[in-house]
Amino acid sequence: MKILVFLIICWCFEYVAPISVNNGGYEDMYIVIKDNNEDSDILLERIQKIFTDASKLLFTATKNYLYFGKIKVIIPKTWQEKEKYKNAMIPSDIKQIIIIDNTKQNEIGTPRVYGVKACGTGGSYMYLHSEKFILKTGQTSWGRHDNVIVHEFGHLRYGLYDEYPIFSNSSQFYQHDGEWKPTRCTGEIEGKIGIGKYCTESHACDYKNTRKILDGKCNFCPNQNQNEEASLMGYQWIHAVRLFCQYHLGHVRLKCVL
């Protein structure tokens, strides 16, 4: 059985090694709770539950190969001291950390390292909103907690790209077997094509007519309930999705991104 260990520590300064892998378990991972979060045992309990669930999903998504082994949670200096907290030396330049923030400007995401042009380099940090994500129970606006964490970890650690088109209508659809097909991974993801956010039915989105370019407002809306399990980098909000696309986690790629 894989065990996820959490340590709650306070700020100090010294060198800390980057994230490492020990027998399949990621170690030296840091979650930093920013000062704008109130002292809360509930927040700590939610972090532990969410990342424990995400660890199980990551183990499944990587074909029983990787999981979160040891995570250290850094609490604000302003929080009340407790016997269960431990002091630790933390550098100011640790990389690939997970930040728990409570500001109103942002919500969730993993900014990439500036200038990265290729998959496999990884991001700088993962940003999670405490109220809108960590403390929210049940389904979030971005999907289940474990799915979202593993999706964002794909950006953070592996440098994986999102597997849905975000730039233009021309990248959302392609021609295949006499039809316009939505760009997705995998092709077994079912859904509907229509206008706007909710894919309202329209003649302008006649995907069976390849002699005509689809309207720029046409969109693909995947069904929430389906059996396809991939991919976490494309449709992490679908409950059944629990795997990465196979080409991301082949033998060669894994050697590069551990």
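Numbers for the structure displayed
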{"read-out": "Selection status of ASN102, more than 22 Å from PHE244 (Cα to Cα) and at pLDDT below 85", "value": "no"}
{"read-out": "Unmet criterion (only one of (1) at pLDDT 90 or above; (2) more than 20 Å from ASP146 (Cβ to Cβ); (3) not acidic (Asp, Glu)) for LEU7", "value": "(1)"}
{"read-out": "Number of the condition not met by ILE193 [criteria: (1) surrounded by 14 or more Cβ atoms within 10 Å (Cβ to Cβ); (2) closer than 30 Å to VAL73 by Cα]", "value": "(2)"}
{"read-out": "Residue that is surrounded by the fewest Cβ atoms within 10 Å (Cβ to Cβ) [pool: residues in the range 215-242 that are in contact with a helix residue (DSSP H, G or I) (Cβ under 6 Å, 6 or more places away or on another chain) and farther than 20 Å from VAL150 by Cα]", "value": "GLY216"}
{"read-out": "Of all residues in the range 26-46 being outside any helix (DSSP H, G or I) and β-branched (Val, Ile, Thr), the one that is farthest from SER124 (Cα to Cα)", "value": "ILE33"}
{"read-out": "All positions within the range 229-248 that are of a type in the set (A, V, I, L, M), part of a loop (DSSP other than H, G, I, E, B) and closer than 21 Å to TYR65 by Cα", "value": "LEU232, MET233, ALA240, VAL241"}
{"read-out": "Members of the range 58-96 that are crowded, with 16+ Cβ neighbours inside 10 Å, out of contact with any Leu (no Cβ under 9 Å at 6 or more places or on another chain) and outside any loop (DSSP other than H, G, I, E, B)", "value": "ILE74"}
{"read-out": "Residue within the range 47-57 that is under 16 Å from the mean Cα position of the chain (by Cα) and in a loop (DSSP other than H, G, I, E, B) present", "value": "no"}
{"read-out": "Subset of the range 23-47 [over 18 Å from TRP79 (Cα atoms) and either modelled with pLDDT of 90 or more or open to solvent by less than 10 Å² (accessible area, probe 1.4 Å) (or both)]", "value": "ASN23, GLY24, GLY25, TYR26, MET29"}
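Okay, residues lined up against (1) open to solvent by 20 Å² or more (accessible area, probe 1.4 Å); (2) small (Gly, Ala, Ser); (3) under 30 Å from PHE51 (Cβ atoms):
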residue	(1), (2), (3)
SER130	no, yes, yes
PHE133	no, no, yes
TYR161	yes, no, yes
GLN175	yes, no, no
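The values are calculated or read from the model by the stated rules, or taken from the named source; none is laboratory data. Keep in mind it's a predicted model, so treat the numbers as computed, not measured. Quick reminder, even Gly has a Cβ in these numbers, built from the backbone with ideal geometry, and neighbours come from all protein chains shown. Calculation scope for accessible area: heavy atoms of the full protein, side chains included, ligands and nucleic acids excluded. Shrake-Rupley method; radii C 1.70, N 1.55, O 1.52, S 1.80 Å.
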